[in-house]
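The values are calculated or read from the model by the stated rules, or taken from the named source; none is laboratory data. Source: prediction; values computed, not measured. Quick reminder, even Gly has a Cβ in these numbers, built from the backbone with ideal geometry, and neighbours come from all protein chains shown.
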Amino acid sequence: MAELKVYADRMSQPSRAIIMFCKMNKIDFEEVKVHLATGQHRNPEYREINPMQQVPAIVHGSLKLFESHAILRYLACAFQGVPDHWYPSDLSNRALIDAILDWHHSNLRRGAAALVFDTILAPIFGRPLNPQAAEEAEKILDSSLSKIESLWLPGNAKFLLGNAQPSIADLSFVCEIMQLELLEEKHRERIFGPHKKILHWIENVKAATNPNFEEVHAMLYKTKEKIHGKMSDDAMKSGP
Amino acid sequence: MMKLKVYTDRMSQPSRAIIIFCKMNRIDFEEVRIDLAKAQQRSPEFQEINPMRQVPAIVDGRFKLFESHAILRYLVCTFPGVPDNWYPADVSNRARIEAILDWHHSNLRRGSASLVFNSVLAPKFGLPLNLEAAKEAEKILDSSISKIEGIWLKGNSKFLLGNFQPSIADLSLVCEIMQLELLDKKDRERILNPHKKILQWIENVKVATNPHFEEVHAVLYKVRAKLHSNPSSISGESIKSGPKVKLSPKL
């Protein structure tokens, strides 16, 4: 089978989801680092790979593909031996996961990514912080977390839709939520305080995907330490 | 077999995509109108259908589904005889269409829907216009339109990705762009006229899906006519059907 190249920055939430999916499913790939903070995604060479100049992107034979959900669906279907729970072949179950993946863009992704960017990350990319935008983003995030809990984590649900095993939707969402690690502890406590089910679900996804989960998130934890100046090993290992 | 129920408002871009798709593919369905201007999406009954309280949504037997792209994928795979061009079985070709569908949410959809809402439609829902938000939205829209042309309509492409027949991505994106019909003619022309490929592509999709395209967009055209012949209707009065009325300047 053709070689798979995954263009990623582990600081990017959807990049982490792709890398973890490949490792979980023993899909052989070459990770090509595209360093966002130094603008590598804007290089003309990278534009040949992904004209949207974003990560993640993959090249697999003659196929160049961007958008993490399209990539996850493709990998689940194109590679042998990927267990059905990641992206079920049953049409109704698959459709329910598609709905969650689609909903993500304008809701959880929009809220979480904007909150972290406008509160913490913007200066790394030469932009000013924007507390007003961050406030708006937090409202969207809070509403999104509530919806996830009430619609997709009913009762003692282990994974989204009450599934016994994680799907690509669980992976995508939890990688997104992990970006909130970059916020100060007091902000994280305020955001997650009302959402115990979310915290429990994150632990379930970690347990199902470790040691890959922790390994892929190591860079995020390191960045968190640098930003907040903490030097505690324990803080790095214990998660939110 | 219970008939497919499709919950829609033809003023909603993704609702129109679902209806056109069903008609094109002779999928038997019952259209249940959810009038957004009357906030019918907030009724407890509709919340049972779609807890997100948005259109479109479908009920197929006991199966409930929302999010228009998920619905389109489901319909393609569930109903027999849908031609392959809508959502190809080939894994790579399908993946390229998925990328467009995913990209849409934060780009074309975000720019276009926000522009139209903040510059025209908001009062219909009891909200104020927001010209600053509209300006930001127009930047996103303009960038999105340029990307569609530059990446997916290269050369003499008839449809996205140079395909000879439309896919669910063509349908979804063109129904979204059609919402710009509600803008002032001069604004619409300013936005779209520099993009000849986009205009040609819209025509290609119309030709491929008529008469359903025009029939499904009739509501939109009617609302456009009322909005632009009767400026005071923008300020929040409910839009009633009837002949065009010229406003007295003293009103």
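Only one entry of A:LYS226, A:LYS206, A:LYS197 meets the criterion of being assigned to a helix (DSSP H, G or I), at pLDDT below 95 and in the same structural domain as A:ASP98 (by TED's automatic domain parsing), and that entry is A:LYS226.
Residues that are under 16 Å from the mean Cα position of the chain (by Cα) and either under 16 Å from A:LYS147 (Cβ atoms) or among the acidic types (Asp, Glu) (or both) within segment A:164-198 comprise A:ALA169, A:ASP170, A:SER172, A:PHE173, A:VAL174, A:GLU176, A:ILE177, A:GLU181, A:ILE198, listed in sequence order. B:PRO80 meets the conditions (1) assigned to a loop (DSSP other than H, G, I, E, B); (2) more than 12 Å from chain A (Cβ to nearest Cβ); (3) within 30 Å of B:LYS135 (Cβ to Cβ) in every case but one. The failed one is (3).
Let's see how each residue does on (1) within 11 Å of chain A (Cβ to nearest Cβ); (2) within 17 Å of the chain's Cα centre (by Cα):
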position	(1), (2)
B:ILE97	yes, no
B:ILE100	yes, yes
B:VAL116	no, yes
B:ASN130	no, no
B:ILE151	yes, no
B:ASN156	no, no
B:GLY162	no, no
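The residues of segment A:126-150 that are in a helix (DSSP H, G or I) and within 14 Å of chain B (Cβ to nearest Cβ), listed by number, are A:GLN132, A:ALA133, A:GLU136, A:ALA137, A:ILE140, A:SER143, A:SER144, A:SER146, A:LYS147, A:ILE148, A:GLU149, A:SER150. Confirm whether B:SER144 is out of contact with any Asp or Glu (no Cβ under 8 Å at 6 or more places or on another chain), within 14 Å of chain A (Cβ to nearest Cβ), closer than 24 Å to B:ASN210 by Cα and buried (at least 17 other Cβ atoms within 10 Å of the Cβ). Spelling it out, it is not the case that B:SER144 is out of contact with any Asp or Glu (no Cβ under 8 Å at 6 or more places or on another chain), within 14 Å of chain A (Cβ to nearest Cβ), closer than 24 Å to B:ASN210 by Cα and buried (at least 17 other Cβ atoms within 10 Å of the Cβ).
Quick check on B:ALA169: is it within 15 Å of B:ARG110 (Cα to Cα) and either acidic (Asp, Glu) or modelled with pLDDT of 95 or more (or both)? For B:ALA169, the condition - within 15 Å of B:ARG110 (Cα to Cα) and either acidic (Asp, Glu) or modelled with pLDDT of 95 or more (or both) - is not met.
Beta carbons closer than 6 Å, at least 6 apart along the sequence or on distinct chains, pair a first residue in segment A:59-85 that is more than 8 Å from chain B (Cβ to nearest Cβ) with a second that is of a type outside the set (A, V, I, L, M) and surrounded by fewer than 18 Cβ atoms within 10 Å (Cβ to Cβ) for A:VAL59/A:LYS5; A:VAL82/A:ASN25; A:HIS85/A:GLN165. For segment A:108-122, the criterion of being part of a helix (DSSP H, G or I), under 20 Å from B:ALA89 (Cα atoms), more than 8 Å from chain B (Cβ to nearest Cβ) and more than 15 Å from the chain's Cα centre (by Cα) is satisfied by no residue at all. Selection within segment B:46-73: residues that are in contact (Cβ under 8 Å) with a residue 24 or more places away in the chain and over 15 Å from the mean Cα position of the chain (by Cα). The member of this set that is nearest to the other protein chains (Cβ to nearest Cβ) is B:ARG73.
Scanning segment B:83-95 for residues that are out of contact with any helix residue (DSSP H, G or I) (no Cβ under 6 Å at 6 or more places or on another chain) and within 13 Å of chain A (Cβ to nearest Cβ) yields a total of 5. Filtered by the rule that a residue be more than 7 Å from chain B (Cβ to nearest Cβ), assigned to a helix (DSSP H, G or I) and of a type in the set (S, T, N, Q), segment A:88-102 gives a lone residue, A:ASN93. With respect to B:LEU121, is the statement that it is in a helix (DSSP H, G or I) and at positive phi true? In short, no. Only one of the numbered conditions (1) in contact (Cβ under 8 Å) with a residue 40 or more places away in the chain; (2) closer than 27 Å to A:PRO44 by Cα; (3) not assigned by TED's automatic domain parsing to the domain that holds A:SER167 is violated by A:PHE125, and that is (3).
Output yes when any residue across segment B:65-74 is more than 24 Å from B:GLU176 (Cβ to Cβ) and either not aliphatic (A, V, I, L, M) or not assigned by TED's automatic domain parsing to the domain that holds B:GLU176 (or both), and no when none is. No. Just one of B:ILE151, B:ILE140 is among the β-branched types (Val, Ile, Thr), over 28 Å from B:ALA39 (Cβ atoms) and free of Cβ contacts under 8 Å to residues at least 40 places away in the same chain; which is it? Just a single option satisfies the conditions, and that option is B:ILE151.
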